[in-house]
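Contents: one structure, followed by commentary.
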Amino acid sequence: MTVTGCAEAKQDISVPDRIVAAAGRLIASQGLRATSVDDIASSAGCGRATVYRYFPGGRAELLDVTLDQGVDRIFASCSQVTDHAATLAEAVAGTINIAVLELSNDAVVQQLLVDEPDTIATLISPVRIEPLFERASKWGTANFSRFVEPAVAAHVGEWCARVVTDHLRSPAPIIDVTDAGLARALVEIFLIPTLTPALAAGLPNPIRSF
């Protein structure tokens, strides 16, 4: 591509998107601490003031936006898995497996896990992680309700998110859910049997099919 072509391609991308993309590239390659707002501005082809105009929180806000985009991609991938699943166990196991694999391939997350694990620990602390669990509950209602009642589906969605975030805390757990078969075993041993008591809690016919 010519220099002119490169410039035109850059103009086709909005300034905020260029800034977020630049932040993601730099954090993935050198970590958050080593990435300055000036670095991000230079990589995005804009000024420092422009970065702060769109992202007043600077690097921290850009990290949040970058990670949120990754979360969006994970939820989208998990939805594709549940759409093709024949049973609840298959849907849940597939969700956990694909989410963990997506995280394993996320360059920003992996860079932080290696060089700045304290940053990851802060991001998945109880206070910071709660909105993700709430989102996972809503996602579960939308994606698991064809197998179980909505209240149970919401619980299952949050359970998936907790399993995945636990994997982040301990990337080498006893049960390695990057293995699809082990993810299925985890679901069948630790989740599915706990759903039947929901009948006793007053939920109408919570389990439709496994």
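The values are calculated or read from the model by the stated rules, or taken from the named source; none is laboratory data. What you see is a predicted model; the values in this text were computed from it and never measured. Every residue, glycine among them, receives a Cβ derived from its backbone with ideal geometry; neighbour counts consider all protein chains shown.
Summary table
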{"quantity": "Hits in the range 131-149 - residues which are in contact (Cβ under 8 Å) with a residue 40 or more places away in the chain, among the aromatic types (F, W, Y) and assigned to a helix (DSSP H, G or I)", "calculated": "W139, F144"}
{"quantity": "The one condition in (1) closer than 14 Å to A153 by Cα; (2) at pLDDT 90 or above; (3) among the aromatic types (F, W, Y) that F190 fails to fulfil", "calculated": "(1)"}
{"quantity": "Given (1) among the aliphatic types (A, V, I, L, M); (2) surrounded by 13 or more Cβ atoms within 10 Å (Cβ to Cβ); (3) closer than 20 Å to T122 by Cα, number of the condition V37 does not satisfy", "calculated": "(3)"}
{"quantity": "Residue list for the range 134-154, filter: surrounded by fewer than 17 Cβ atoms within 10 Å (Cβ to Cβ) and under 20 Å from A76 (Cβ atoms)", "calculated": "E134, R135, K138, A142, R146"}
{"quantity": "Condition check for D176: acidic (D, E) and either assigned to a loop (DSSP other than H, G, I, E, B) or in contact with a helix residue (DSSP H, G or I) (Cβ under 8 Å, 6 or more places away or on another chain) (or both)", "calculated": "yes"}
{"quantity": "Selection status of E102, of a type outside the set (V, I, T) and modelled with pLDDT of 95 or more", "calculated": "yes"}
{"quantity": "Criterion (at pLDDT 90 or above and either more than 15 Å from the chain's Cα centre (by Cα) or closer than 30 Å to A34 by Cα (or both)) met by exactly one of E149, E134", "calculated": "E149"}
{"quantity": "Subset of the range 152-174 (residues that are of a type in the set (A, V, I, L, M), more than 13 Å from the chain's Cα centre (by Cα) and under 20 Å from T87 (Cβ atoms))", "calculated": "V152, A153, A154, V156"}
{"quantity": "Some residue of the range 23-33 being buried (at least 16 other Cβ atoms within 10 Å of the Cβ), of a type in the set (D, E, K, R) and farther than 27 Å from R184 by Cα", "calculated": "yes"}
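Quick grid of which residues meet (1) assigned by TED's automatic domain parsing to the domain that holds E130; (2) surrounded by 18 or more Cβ atoms within 10 Å (Cβ to Cβ); (3) at pLDDT below 65; (4) of a type in the set (S, T, N, Q):
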site: E158; (1), (2), (3), (4): yes, yes, no, no
site: R162; (1), (2), (3), (4): yes, no, no, no
site: P173; (1), (2), (3), (4): yes, no, yes, no
site: D176; (1), (2), (3), (4): yes, no, no, no
site: T196; (1), (2), (3), (4): yes, no, no, yes
